[in-house]
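Structure first, then comments.
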C-alpha cells in the first residue's frame, strides 16, 4: 500500500471522531459531509465505483440536506408577544437577555405576535409557542410550558421579568 493511501484511510476514523465530539449541530453537518466524501474517496480508490457513487449521492448530499432541514426546524424557540408591547425598551432588553441565554444551545428566537393576552395564553396552551411575554401593570411577565427552558432562562431573567413555569394539563386531566 502506498503511503498516501494510508493517509487517506486514516482520515475516515479521524473525521468520524471529530463528528462524535462536536457540540454545534451546524458544524456536525459540515463534518458529516467530510466523512461521506472521505468514505466515497476510499471506495473509489479501492475500485468500488458504484459504492463510491452511492455514498457520494446518498451518504453525503441527500443525508446532509435532510439533516439541515431537521436541524433548522428543530432549533427554534417560538416566543409569543403582545402587539402592544412591541416598541417598549423593557421588551427589547428582555429579548436580548433571552437570545443571550439560549445562544449556547444554538437556538434562534422566533417572535410571534398576538393581539390579546387571551389569544397568547391559548397559543401557549395549544403548544403553538414555547413561551410568552406580556406586560403586566409595571413588570413584564414571561411564561413557559417547557421545564428545560424555564431552567435555562431563570438565571438570566430574574431582574428583567417575572418568569413563571406554566405546566400544561395532561391527557387525563384535560378529559376530566
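Each value in this text was obtained by applying a stated rule to the coordinates, not by laboratory testing. Since the model is a prediction, treat every value here as computed from it, not as a measurement. Cβ placement follows ideal geometry from the backbone for every residue including glycine, while neighbour counts extend to all protein chains displayed.
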* Asked: Working out 0.36 nm times the residue gap between residue 72 and residue 162, then minus their Cα-Cα distance, what length gain in nm do you get to one decimal?
  -> 29.4 nm
* Going by alpha carbons, how many degrees (0 to 90, nearest 10) lie between the helix axis of 63-74 and the longest principal axis of the chain? -> 10
* Structure fact -> Rounded to whole angstrom, the alpha-carbon centroid of the stretch 108-163 lies from that of the stretch 83-107 at a distance of 11
* the chain, helix-only ellipticity at 222 nm - DSSP H runs n ≥ 4, -39,500 (n - 2.57), divided by all residues, nearest 500 -> -17000 deg cm²/dmol
* Structure fact -> Whole-percent tail of the Cα-Cα distance distribution for the chain, cut at 26 Å, equals 50
* Structure fact -> Kirkwood Rh for the stretch 3-73 from C-alpha pairs, in Å, is 12.5
* Considering the Cα trace of the stretch 75-175, what is its radius of gyration and what is Dmax, both in angstroms? -> 13.0, 42
* To do: Over the stretch 75-175, calculate the relative contact order: mean separation of alpha carbon pairs under 8 Å at least 6 apart, over the residue count, as a percent.
  => 30
* Structure fact -> Restricting to Cα pairs under 8 Å and 6 or more apart, the percent relative contact order of the stretch 3-73 works out to 30
* Asked: Once the Cα atoms of helix 3-20 and of the chain are each reduced to a long axis, what angle between those two axes, in degrees from 0 to 90 to the nearest 10, is obtained?
  -> 20
* **Mean Cα-pair separation over length for the chain, i.e. relative contact order, pairs under 8 Å, 6 or more apart, %** => 16
* In what sequence, highest mean first, do 32-39, 143-150 appear when ranked by Cβ atoms within 10 angstrom? -> 32-39, 143-150
